[in-house]
Each structure stands twice: as structure tokens, then as C-alpha cells.
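Notes follow the structure.
Derivation of every value follows stated rules applied to the coordinates shown; laboratory data play no part. Source: prediction; values computed, not measured. All Cβ positions, glycine included, derive from the backbone under ideal geometry; neighbour counts span all protein chains shown.
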Ligand SMILES: C[S@@+](CC[C@H](N)C(=O)[O-])C[C@H]1O[C@@H](n2cnc3c(N)ncnc32)[C@H](O)[C@@H]1O
């Protein structure tokens, strides 16, 4: 049995409805996806062991994340708003709360090959980031979380001696330290809006952080101030994705582009990945979540 199959059958025992959703999600994927998933999951199993955990623990975390999302989704369907509006409140209840943050991050890590939007957005990064490899001497990741993008960046950006990974949550930093080759990374525990640095960066990655702040234009302006004039930024953010730590609601891709334009960035290339089997336009119309990713320049 493959590791992916093993995970889905364990999920099935605890949450059959969700297992059905995962099976549907991956049913249309080709052998290349399945091979990549298996390779990722082999490394992932080693990470769990290094972290002193096992697959049952990871699945327990993942299903707690799914329960939280279900609760937030039910609220969202009636209110049409995210349940959080205060960054300070989310910081105290979630980022600064090791118990919640541990299962939340472990759950998101396992979602990498169970949610097609997470898989495809990483593929988009892996295909396009190498175009900027030659002129990248230093690298910052904002809200690095579990470290999936960071891990890939360490492989891709061979000219970078030291990677900086910043996160507001100590729990995220601890998980990322186990997930990546941390000898090459300077970890910074800080709110990005309070981060001051003499140098500017050639490349900045910020996956799924824009929806975590009250003022996304202010956050992108902060990134601009940290980016060198010829630098590149890669961002991702979802539309209509209620979660325990999401604050700013983007209802469609145009709202995201508007925020990007207002902050003074230009879009080089972009991708939209619906979380269900439909076009991005249909998903926006129906209020189904779409993951948006873009490479930006000043
Ligand atoms: C959903 S996770 C994203 C993880 C990863 N970047 C990815 O794309 O999968 C969001 C991360 O951003 C961090 N974060 C949220 N607000 C932040 C802020 N103002 N400054 C720094 N990190 C922040 C959280 O602690 C969490 O680790």
C-alpha cells in the first residue's frame, strides 16, 4: 500500500465523509502527481520521526484542522464574513498558543498532497522561481509556517548562502526547523510589520499571509520596502477561505489584484487554483475558495 493510500484509509476510519472528499480531489491526478506525493510523504515520514511523532498523530492534527474549518465554514455561510477582525486577538489565541498552532501547522503540512490547490501552487512556484535564480543572492520568507516553500527554495536558489525565514509564531519556527536543512537558515521570530533590516532582499516569498492581516496593502508596502529595486516577490492567498486565523476576506481574484496594484507592485505571472473541480470563474461566482498565486515586481 502507498503512504498516500495508508493516510486516506486511516482518515476514512475517523472521518469517512472527509476521506471521500480527498479521494475525489486526487482521483483526476496523473501518475506524476502520485509519484511526487509518495516522494514527499517518504520525506514527511522521516520528518515526523525526527519530530518524535507518527502518522496517527499527524492525522489527528489534520482532522482537528478540518473540524475547525468546518465550524468556520458554517459561520461563513450565514454571515458571509470571516469570524476574525482583530490581528491582536488572532495573535493571542492562535499564533502565540502552542497547543493550537502545533496541530494547525502539522495539519496544513499534511494537506500538501491531499488538497490539490496546495499541490498546484507549489508546482507553480517550482516551475517559475528558477527564472529568478541567477540574480538572487539573498532570500526572505515571510510567515514561513511549516517551511514547505523554504525547503524548495533551499534546493532551487543555489547562489543563496543564508536564507532568512520569519514568522510571528514560535511554534511555526520550531516545526520549520525540523522540516528544512536549518543550517542554511536564519530564523527570525517577529511580526513582519515590526521587522527592520538594513539590507534589502533579492527574492521574498510570502505564502498565505496576506489574508492574516487587517491591512493587506500595508503588508505589501512593507514587503516592497524590504525588496531590492530589481527584486521579485512571490505571494499566495486564498479567496473565500474561512479559517481560525483568517482576517481579510478576498471574495475574488480581482480584489487581490486591486490590493497588489494599490501597493505599487506589478504582476509578472499569476495562477488561480479552485479548491474544487470547476473553473476559477465558476468558483468565484459560487463563493468556493480559489488559491491565488503571483510573482510580482516593483
Ligand atoms: C497559513 S500559514 C502559511 C505557511 C506557508 N507560508 C504556506 O504558504 O503554506 C501562515 C503563517 O504566517 C504566520 N504569520 C501570520 N501573520 C504574520 C505576521 N504578521 N508576521 C509574520 N508571520 C505571520 C503564521 O504564524 C503562520 O505560520
Contact order normalised by residue count of the stretch 223-298, Cα under 8 Å, 6+ apart, percent: 44 percent
Part-to-part distance (alpha-carbon centres) for the stretch 1-46 and the stretch 221-297, which is given in Å: 27 Å
Euclidean distance between Cα centres, the stretch 141-204 to the stretch 67-84, Å: 30 Å
Relative contact order (%) - criterion: Cα under 8 Å, at least six apart; region: the chain: 17 percent
Most fluctuating residue given options 255, 174, 32, as computed from a GNM of the chain linking Cα atoms under 10 Å: 32
Length gained when the stretch residue 77-residue 191 is fully extended (0.36 nm per residue, less Cα-Cα span): 38.0 nm
GNM result for the chain, Cα springs below 10 Å: residue of 125, 195, 203 fluctuating most strongly: 195
Residue-averaged [θ]222 nm for the chain, counting only DSSP H segments that reach four residues, each worth -39500 (n - 2.57): -15500 deg cm²/dmol
Extension gain from residue 5 to residue 131, taking 0.36 nm per residue of separation minus the Cα-Cα distance: 41.9 nm
Separation of the residue 221 and residue 13 label points, Cα + 7 Å toward Cβ, nm: 5.3 nm
